[in-house]
1. Kindly indicate whether any position in region C:112-128 is at pLDDT below 90, of a type outside the set (Lys, Arg), in contact with a Lys or Arg (Cβ under 6 Å, 6 or more places away or on another chain) and surrounded by fewer than 17 Cβ atoms within 10 Å (Cβ to Cβ).
2. If I ask for residues that are β-branched (Val, Ile, Thr) and surrounded by 13 or more Cβ atoms within 10 Å (Cβ to Cβ), which ones from region C:58-75 would you list?
3. Restricting attention to region C:85-99, which residues are under 30 Å from residue A:193 (Cβ atoms) and at pLDDT 90 or above?
4. Output yes when any residue across region C:90-99 is within 14 Å of chain A (Cβ to nearest Cβ), within 20 Å of residue A:84 (Cβ to Cβ) and free of Cβ contacts under 8 Å to residues at least 12 places away in the same chain, and no when none is.
5. Out of curiosity, is residue B:59 part of a strand (DSSP E or B) and of a type outside the set (S, T, N, Q)?
6. Among the residues of region B:115-136, is any away from chain A (no Cβ under 13 Å) and on the phi > 0 side of the Ramachandran plot?
7. Can you run down the residue pairs with Cβ atoms below 6 Å, 6 or more apart or on separate chains, where the first is in region A:150-172 and in contact (Cβ under 8 Å) with a residue 60 or more places away in the chain and the partner is among the polar types (S, T, N, Q)?
Amino acid sequence: MQLVWDWFRWLNESTGINLTIFYDQFDRSRFASGFLMTVKLSVICIVSSVVIGVVGAWIQGSRLRVARTIVHWYIQAFRNTPPLVQLYFFYFGLGSLLKAAGGGPLITNVTWAIVSLSFFAGAFNVEIFRSGIEAVPRTTLEAAESLGFSRAQAYLRIVLPLAFRISLPALNNNLVNLVKTTTLAYAIAVPEMLYVSSQIWSDELNVPVMMNVLLICYFVLVGILVYLMHRWERAIRVPGFGI
Amino acid sequence: MPEANSEPIVALRDVHQSFGDVEVLKGVSFGVAKGGVVCIIGPSGSGKSTLLRCINGLVPIKSGSIRVADFEVHNLHTDQEKIALRKEVSMVFQQYNLFPHKTALENVMMAPIYVLKEDPKEVRERAIALLTKVGLAAKQDAYPGELSGGQQQRVAIARSLAMRPEVMLFDEVTAALDPETVKEVLNTIRELAREGMTCILVTHEMRFARELADEVLFTDGGTIVESGRPAELFDHPRKDRTRAFLSQIL
Amino acid sequence: MNDSHVAQTSGVLPVLLPLAERMTRAALRERAMGSPTLRLDSSHGVALVVAFLCGCGITQAQSQAADPSIFTTLWKWTPLLARGFVFNLAISFMAMAIGTIAGLFLGFAQISLLPPVKKGAFFATHFFRNAPWLVLLFYCMFLLPFQVTVLGVTIPIPDWTKATLGLALPVMANVSEIVRGAIQSIPTTQWEAAASLAFNRRQALWMIIFPQCIKRMLPPWMNLYAILTMATVLASIVGVNEMMTLTQRALSAESRPGLLLAFYSYVLLWFFLYCYPIARWTVRLEARYAVNQ
């Protein structure tokens, strides 16, 4: 390993391509923690936004009119405003209301970023899942019931698997978008990849190099996600089903 | 084979049903003997499909009584009771309604495994036998989207048969098919009827009804206008409305 | 795969409702566009006004006797905010113009018959589509010089110009994909017909194919513009004096609790009033073309 680090040191000395994130112990751990923070933000937000989507879609199908209206306005509010405004609203607005007794913030900026981004992506997910369920023909449910399936079985075995397949392309778009949106956490000083990179380049004065590293990292990260999602879409594709 | 004196396996008495203000069924009564084949004919919108859905418990009725085997269909309220009924009565739909994310074989196997909780291995053998019976053994791994309409409909029939029902309901099963594939589906149904399956068919295939039915019911405007043996009803209709309808069709 | 295609074209009933197919198609369209469709309607405006009035009410209730009324405060800051909004609009216009022109070239390059051009354009398109907008914004902010000297004349490059270029990059990538999608949606028989009339490829593209594409490209292009306009607030993160930056400056200058909701909904109302007609028009165009097709 040391050989690799030394090579990057040599690269800097001979070409001026200053990749401190490889040969400098401190920068390396900083960048690694930023990268991990981006991955962590992405994974937690993906999971919780999908949960929000499922719960929201379930509420939208319920008989409680008040609950349906609340979910409707939640979707409208988060779908049609810039995520940056949402983030500021959570962090500066709600965050300042929720002060601990000692005056310090009760909820950390990382948590606010997770909450804000999850609700942002969740709003889209509710719509996606809801229309996925609605797109399953009613007659398919009827057929399942006439074969003796109970309501719960029919949903579990027939309607939801179909709805999921219908939803998947739209869901993938949204999740890829979500991962790209995690960069906004920079604005409230969450130490994710963009944020630590800016710290590194202001310390080491290697802006161009770090910029390219950053761009490549995001390209690879998002590229992997896009690739996996498309693989998944193709894997569960049913011949003759859909388009 | 139908026995004249046996208790009917399906009996409807004065069934009423309405959607909102529109009365769809205005007092329908008839019975079907075990192993009997009854064809329901009539203009569209006369409540034929609703009638089948009532027998299957998919649609609750307003008043009257429906009895299928030991079940008082109009008195079934819980899901469990309805599920028990549907093990006895199976329905085949005009639009096939196969489950598009499952292969032909899986479509046939699903209900016995998850509803009847039978042994998957045994179900599989039976399902293959059923697909062979409807002439689709070669297509067992195809998805519904890869099958023609007639093939899908035959898989749907096999799927219903896998529940070993006492009564089969056919809701205009050939209406959505190309003329050439109608025959293959009708052959399958014919074979079933000859084996002694109790069948209630809503159909527009008059030749088929005449050949196969023990009794033909002509419905119009939510009531049974006329019923009788096919030869009588088709050749010597007593009511004007029946005559008018038949002259349009034949 | 092939079998399913044959089965579908041979007049078999579709297995799914048109609804499901429409949803899949919409998802693929949004994928090409790179952003979800913005669907603004008048109820959103009403909701914003309600939120605004709530914010005003809360602030008023919390304010001391000495404080000026909330409306006076807003009025005081409005000229400054308006100046910021002009920046947002200027950035959005220019980023859209630059991005569209560059995107058209990139899109045409994507259907080039020369493999290196085609592959390069494909890579560039997807590279910029996969990169987060904010990272591209940073890229341009920090890497472009603050001034250039051409023939002895020094031209300064202000921050907002750099931000414009930063936002033009993702626009370019998305326009490129819109162009490619539109061109490929034209039936190949059109190309064959053009070729049989002795048009060469360039002529066929410019005179036959591309004019047919414009109608299909217009709705996603306008949606992209509305998205871009909302995204111009990102420029606040890199310190451009646009409306969002100025709003935060106003908020910290006032330092009154509860002003946040009033100010933010006020700012969002401005954006809504600007984007709403565009979004409506996009929907109308989409509906019209859907009927005509």
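1. So far as region C:112-128 goes, yes, one or more of its residues are at pLDDT below 90, of a type outside the set (Lys, Arg), in contact with a Lys or Arg (Cβ under 6 Å, 6 or more places away or on another chain) and surrounded by fewer than 17 Cβ atoms within 10 Å (Cβ to Cβ).
2. C:58, C:59, C:70, C:73
3. As a first pass, look at region C:85-99 and keep what is under 30 Å from residue A:193 (Cβ atoms): C:87-88, C:91-92, C:94-96, C:98-99.
Once the filter is applied, which keeps residues that are under 30 Å from residue A:193 (Cβ atoms) and at pLDDT 90 or above, region C:85-99 yields C:88, C:91, C:92, C:94, C:95, C:96, C:98, C:99.
4. no
5. no
6. Looking through region B:115-136, at least one residue is away from chain A (no Cβ under 13 Å) and on the phi > 0 side of the Ramachandran plot.
7. A:169/C:24
Residue-by-condition table, conditions (1) small (Gly, Ala, Ser); (2) without any contact (Cβ under 8 Å) to a residue 12 or more places away in the chain; (3) facing another protein chain (nearest Cβ under 9 Å):
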position	(1), (2), (3)
A:181	no, no, yes
A:189	yes, no, no
A:195	no, no, no
A:209	no, no, no
A:215	no, yes, yes
A:222	no, no, yes
A:235	yes, yes, no
A:238	no, no, yes
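The values are calculated or read from the model by the stated rules, or taken from the named source; none is laboratory data. Just so we're clear, the structure is a prediction, and the values are computed from it rather than from any experiment. Here the Cβ is made from the backbone with ideal geometry for all residues, glycine too, and neighbour counts use every protein chain on show.
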